[in-house]
Amino acid sequence: MGMQERFYELVSGRKTGITAAVLRSVLRLLEVPYRSVVSARNLLYDKRMLPIYRSSMPIISVGNLTLGGTGKSPLVAWLCKFFMGKNLHPGLISRGYGKGTHHVNDEFMEMSHRLPNIPHLQDPNRAEAIQKLLQTEQVDLIILDDAFQHRQVERNIDIVLLDATAPFGFGHIFPRGTLREPLGNLKRADIVLLTRSNLVPEAERQKIREQVLAINPNITWGETIHMPTSLISLESLCDEPIEMIRGQSALAFCGIGNPSAFQKTLEQCGVRVEKLVPFPDHYRYTPSDARELVQAAKELGAKFLLCTMKDLVKLNRSDFSEFPPCAIAIDIQFTAGESEMCKRVSTLISGSINIQGISQLGHVATNSASSS
């Protein structure tokens, strides 16, 4: 079990015993100064005492309330295709966490594969990135990826994703839990989407919705699932039918924020997961990692070696020449609130750009998602 998994076992309360209880008490003490710093920073922005960059360009933020993966990349792709379906040209700005000396990270490479014609800049200084993008590209609006806590840039719309399997960070801010900031700060959000909603019962989804709306009754609520659509082989980078892995055994590996969600996705596809090997988020694989993964897959008699798109785009083909892995391509699909979200997005930015046929938007978005 990796460090990240051990942390989640501890803060979720699944890890029991005296040692675990003591560790949670220590983390609870460390939570206090972290919460104070986060709250003070937000207050300064709320009072406009810290500078906020304002662009004439419409800006949509997609972010999390918690640490770990909630499915931002599929939603960002959905939004880009939605706007392109209305003959608009979105640009994408992300922080570029984990890119190091490689200049781009796994999320950039994944988006380049998904959306090759979308201009995308990565820079921790989002304001500078926006200005650079506007100097070099013709865009109609900008999507900020992972930016709910990035208060330095004013946005027209804040979309927050909550993972249905752990929506509220186990009730605590980091390091005692996985909340990035207090739950009450959902008052800043315009739209909240519950991702992986098919993994919890309807009664639980309703309870989460009621808790969110109690904080901010003006939020537009939606529910989505992550729909596996195809297999992409490292060998060819071509789409293959997802049905190929149904009933087959596999060794799975991933370097993402929520490894257990990936395993659940594979099980949803009917895969027999012989073993899941988790790596740290944004991990860069070495030839030694490749040899160990291939060897483990052979020893287990696995038919497939499976990973996420974030992982596949970083792998070296020659390292896996004996046993090329495949990625599960994931698209987002709405199960509730799609038309309401489309209308709110249109209303919030219609003063800056001309989106025609608001009543048709839900239909266009659905077509865009299904074609991805």
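Every number here is computed from the coordinates shown, using simple stated rules; none is lab data. Model, not experiment: these values are computed from the prediction. Here the Cβ is made from the backbone with ideal geometry for all residues, glycine too, and neighbour counts use every protein chain on show.
A few comments on the model shown:
- The GluC sites (Glu not before Pro) of segment 30-137 that DSSP puts in a loop, and whose beta carbon has at most 16 other beta carbons within 10 Å, are E137.
- Approximating the spin labels as points 7 Å out from Cα along Cα→Cβ, the Q138-to-E243 distance works out to 4.4 nm.
- Gained length - N117 relative to R317, 0.36 nm times residue gap less alpha-carbon distance: 69.6 nm
- Computed from backbone phi, the HN-Hα couplings of segment 181-194 come to 7, x, 4, x, 6, 5, 4, 7, 7, 9, 9, 10, 10, 8 Hz, rounded to whole numbers (Karplus: 6.51 cos²θ - 1.76 cosθ + 1.60, θ = phi - 60°; Gly and Pro given as x).
- If R0 equals 51 Å, the separation of the Cβ atoms of N87 and K275 corresponds to a calculated FRET efficiency of about 0.65.
- Among beta bridges that DSSP assigns inside segment 227-331, antiparallel share in %, nearest 5: 45
- Value at 222 nm in deg cm²/dmol, rounded to 500, when DSSP H runs of n ≥ 4 in the chain each add -39,500 (n - 2.57): -11500 deg cm²/dmol
- DSSP beta bridges fully contained in the chain are about 25 percent antiparallel.
- For segment 152-188, backbone nitrogen atoms closer than 19 Å to the point 7 Å from K15 Cα along Cα-to-C-beta are found at 166, 169-180.
- Segments 166-177, 290-301 sorted - mean Cβ within 10 Å per residue, highest first: 166-177, 290-301
- Applying D = kT/(6 pi eta Rh) to the chain, where Rh is the Kirkwood radius over alpha-carbon pairs, T corresponds to 4 °C and eta to 1.567 mPa s, the Stokes-Einstein value obtained is 60 µm²/s.
- Loop-located trypsin sites (Lys or Arg not before Pro) in segment 42-94 (DSSP state not H, G, I, E or B) with no more than 13 neighbouring Cβ atoms inside 10 Å: K47, R48, R54.
- Length gained on full extension, A40 to E292, computed as 0.36 nm times the residue gap minus the Cα-Cα distance: 86.1 nm.
- Full extension of the chain segment joining L300 with E202 gains 31.6 nm, where the gain is 0.36 nm per residue of separation less the Cα-Cα distance.
- A straight Cα-to-Cα reach below 24 Å connects K264 with the lysines K15, K72, K207, K275, K298, K303, K310, K314, residues fewer than 8 places away in its own chain not being considered.
- Size estimate for segment 1-51 follows the Kirkwood approach: the inverse of mean 1/r over distinct Cα pairs works out to 13.0 Å.
- Most to least packed among 278-288, 150-160, 190-200 [average Cβ atoms within 10 Å]: 190-200, 150-160, 278-288
- Under 21 Å from the Cα of K47 - lysines, other chains or at least 8 residues apart: K187
- Spin-label pair I215/S260, simplified geometry with 7 Å Cα→Cβ offset, distance in nm: 2.0
- Rounded FRET efficiency, nearest 0.05, which uses the C-beta distance separating L29 from L50 and R0 of 35 Å: 0.80
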